[in-house]
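Below: the structure, in structure tokens.
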Amino acid sequence: MGGVEDDEPASKRMKLSSEALIHLSNGSTVKESIVGSSRDLMARPPQSDGGEEVVGSKGVIKKVEFVRIIAKALYSLGYIRSGAHLEEESGIALHSSIINVFMRQVLEGDWDESVATLHNIGLTDEMIIKSASFLILEQKFFEFLDEEKVMDALKTLRTEISPLCINHGRVRELSLSIVSPSHCFTVRSPKQNTSRARSRTKLLEELQKLLPPTVMIPERRLEHLVEQALGLQRDACMFHNSLDEEISLFADHQCARDQIPSYALQVDANGISLKHKLSGHQKPVSSVSWSPDDHQLLTCGVEEVVRRWDAPSGECLSVYEKAGLGMVSCGWSPDGKWIFSGVNDKSISLWELDGRELECWKGQHTLKISDLEITSDGKQIISICRETAILLLDREAKVERFIEEDQTITSFSLSRDNRFLLVNLLNQEIHLWSIEDDLKLVSKYRGHKRTRFIIRSCFGGLEQAFVASGSEDSLVYIWHRGTGELIEALPGHSGAVNCVSWNPTNPHMLASASDDRTIRIWGLNNLSAKQKDTHGNGIHYCNGGT
Amino acid sequence: MGRIFMITLEGRVYSCKHCFTHLALLDDIISKSFHCGHGKAYLFDKVVNITEGEKEERMMMTGLHTVVDIFCVGCGSIVGWKYEAAHEKAQKYKEGKFILERFKVLGPDGGNYLAIQESLVGGSSDADDA
């Protein structure tokens, strides 16, 4: 019964189908007829050269394995009859009969028989047999304890578990649990309820993990394969930028372009009202950064001093300077307790907020135009130390690592998870480096223009899947980080776009600053209508006053 | 305006005479025997803080060359040219190298250079057959 009998002559099969059809017209034995007709309608799968049947257009899926994991999936979904029916119809058993016997014995608690069966399965690895036996006997032991059959449990431990000579630490724990029952609770995983023995189905799952997958198919294997495929589809989707995107199994996942911010929501320098003018610097201000608690600002004058301001009041709280030297860059520590700054004598200085200098690293650490960043765990300080090199300084371990480029580096940007660095080069390329363990060049992004200015780029979007950059041709460039493909070059500005910043909490919003004295906020097209109503701004072009 | 990216050189530096942007090091001079419309010119191995113009074919004293004019990033004034390609084998050594006109730059001692107003020969002159 069942099975694809290839040597059955074609005529006989045809006869069967006509008989089946007759049955159908009579209205009787519908089930049989369906079985019959479906068997014939089933296309004959292509035969691989190795003699093993394969399915699928590429010929890499073995039919026997395919059917077995489908059967396994049916069983785990609870469709026992369908699973059994599949095994019968295909003639492919999910598990060999001996495994079925083994599983039944485990579930019914025939411990000694199951251990015996274990030896008959035909496993070659001694350790597996021993470990599996250990698990089964451990279960036996605990079930005895649950039933208060202490002597039986002890006997099991002495005569059956110990002679296995493995997992001695566990054996000691087991013997302890006889003596002090309360100890037993800590020995088991916290998930256990009052009974000391875990459920037998759990035991079966543990055994499944131990035995080779061909012998006993792992749980949820089909689900795992599908999830893998969906994961790959998602990673390949270049425009994936929304959390609520549901991935369907019916078609390959591909987002439309509309999830990338590409529409100018606000073009503005005046719509935002001016709160304070912070005066005090004598030289041009080259960088501004918010404190981690968003209440203070740190600013740096070009080769001048660093000033700390209170944002709500606009008052200057501290000035950090070094006699005879000028600061070139500044930043906050992740806990907001100290600040650091690059000095034009090539050193990096660390100050407490009250002005006391904590540390100073001398040597070739910074240049005069120096980006300076710190990782969010406060461990590494990153700076441009030579024309073509970036230094990653581990403060505690006092270890220096270098990213070496063969072109001049103009600026860099650190990802929020501290694992990647985006390096802007003189020759109009942006390089993505992995800085976690080994320093490795991962990707290159091209297309934007840079000849005179410092142009900044940044990470952004859902899970920082995109790279955005300014450009001297007044476009905002957006690449897909994984594939390196240019997705958008957004027109709108009328001057060089100097820097971009992607909203860290809203993956659909991007800001850009340009020589045309405006800041543009970019968003999704479908939101523009809403913006117009609520804010009354809509899109308006201003002359960008002072 | 955006922040101009400028490299700071160390050592004996030639800089732009208008805005003092560093352009090249004395140690990178290959030859001092070049000429331009405004007098002397030096051939440098490496020059920084410049932008390049459009490629042009120019007939120089030593033959036809493909050159691009170079401009200071700080103020945009023309400071010399770069040899992209030389059409004669003997002149190939110039390829990829830069010419800075002595009149346009300040020397390492800050000294200026009084131009000899020769009749401009097509804008550039060339010379130095190495």
(message) Please verify whether A:D371 is farther than 30 Å from B:N49 by Cα and either among the charged types (D, E, K, R) or not assigned by the TED database to the domain that holds A:C316 (or both), treating the condition exactly as stated.
(response) no
(message) Suppose we filter region A:414-459 for residues that are in contact (Cβ under 8 Å) with a residue 24 or more places away in the chain, among the small types (G, A, S) and open to solvent by less than 30 Å² (accessible area, probe 1.4 Å); how many remain?
(response) 3
(request) Report, by residue number, each residue of region B:1-26 that is within 22 Å of B:Y93 (Cα to Cα) and either surrounded by fewer than 20 Cβ atoms within 10 Å (Cβ to Cβ) or free of Cβ contacts under 8 Å to residues at least 24 places away in the same chain (or both). (result) B:L25, B:L26
(message) Tell me yes or no: at least one residue of region A:133-147 is in the same structural domain as A:N100 (by the TED database), open to solvent by 60 Å² or more (accessible area, probe 1.4 Å) and not charged (D, E, K, R).
(response) no
(message) Here are the criteria: (1) in contact (Cβ under 8 Å) with a residue 24 or more places away in the chain; (2) within 15 Å of B:F98 (Cα to Cα); (3) more than 14 Å from chain A (Cβ to nearest Cβ); (4) of a type outside the set (S, T, N, Q). Tell me which single one B:I29 does not satisfy.
(response) (1)
(message) If I ask for residues that are more than 14 Å from chain A (Cβ to nearest Cβ), surrounded by fewer than 19 Cβ atoms within 10 Å (Cβ to Cβ) and part of a strand (DSSP E or B), which ones from region B:67-105 would you list?
(response) B:I78, B:E84, B:A85
(request) Take region A:434-453 and flag every residue that is more than 13 Å from chain B (Cβ to nearest Cβ) and either in a strand (DSSP E or B) or of a type in the set (A, V, I, L, M, F, W, C) (or both). (result) A:S434, A:I435, A:L439, A:K440, A:L441, A:V442, A:S443, A:K444, A:Y445, A:R446
(message) Checking the conditions here, which among A:T117, A:T124 is open to solvent by less than 30 Å² (accessible area, probe 1.4 Å) and within 30 Å of A:I70 (Cβ to Cβ)?
(response) A:T117
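Which one is farthest from the other protein chains (Cβ to nearest Cβ) among residues in region A:374-416 that are β-branched (V, I, T) and farther than 17 Å from A:Q364 by Cβ?
Going through region A:374-416, the residues β-branched (V, I, T) turn out to be A:374-375, A:381-382, A:384, A:388, A:390, A:399, A:403, A:408-410.
Checking which are farther than 17 Å from A:Q364 by Cβ leaves us with A:374-375, A:410.
On the way: A:I374: 21, A:T375: 24, A:T410: 5 Å.
Looking at the filtered set, the residue picked out is A:T375.
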(request) Would you be able to tell me the number of residues in region A:460-515 that are open to solvent by less than 30 Å² (accessible area, probe 1.4 Å), among the polar types (S, T, N, Q) and within 14 Å of chain B (Cβ to nearest Cβ)? (result) 6
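Yes or no: region B:52-66 includes at least one residue that is in contact with a Lys or Arg (Cβ under 8 Å, 6 or more places away or on another chain), away from chain A (no Cβ under 13 Å), closer than 21 Å to A:T451 by Cβ and surrounded by fewer than 17 Cβ atoms within 10 Å (Cβ to Cβ). Steps first, answer last, please.
Of region B:52-66, the ones in contact with a Lys or Arg (Cβ under 8 Å, 6 or more places away or on another chain) are B:52, B:64-66.
If we keep only those that are away from chain A (no Cβ under 13 Å) as well, we get B:64-66.
Okay, now just the ones that are also closer than 21 Å to A:T451 by Cβ, so B:66.
Filter once more, so that each one left must be surrounded by fewer than 17 Cβ atoms within 10 Å (Cβ to Cβ): B:66.
Scanning region B:52-66 turns up at least one residue that is in contact with a Lys or Arg (Cβ under 8 Å, 6 or more places away or on another chain), away from chain A (no Cβ under 13 Å), closer than 21 Å to A:T451 by Cβ and surrounded by fewer than 17 Cβ atoms within 10 Å (Cβ to Cβ).
With respect to B:S125, is the statement that it is surrounded by 14 or more Cβ atoms within 10 Å (Cβ to Cβ), among the small types (G, A, S), modelled with pLDDT under 90 and not in a loop (DSSP other than H, G, I, E, B) true?
Working: surrounded by 14 or more Cβ atoms within 10 Å (Cβ to Cβ): yes; among the small types (G, A, S): yes; modelled with pLDDT under 90: yes; not in a loop (DSSP other than H, G, I, E, B): yes.
Taking the combined requirement at face value, the residue satisfies it.
The values are calculated or read from the model by the stated rules, or taken from the named source; none is laboratory data. Please read these numbers as outputs of a predicted model, since none were measured by experiment. With ideal geometry, Cβ positions are generated from the backbone for all residues, glycine too; neighbour counts draw on all protein chains shown. Quick note on the areas: whole protein, heavy atoms, side chains included, nothing else; ligands and nucleic acids left out. Shrake-Rupley method; radii C 1.70, N 1.55, O 1.52, S 1.80 Å.
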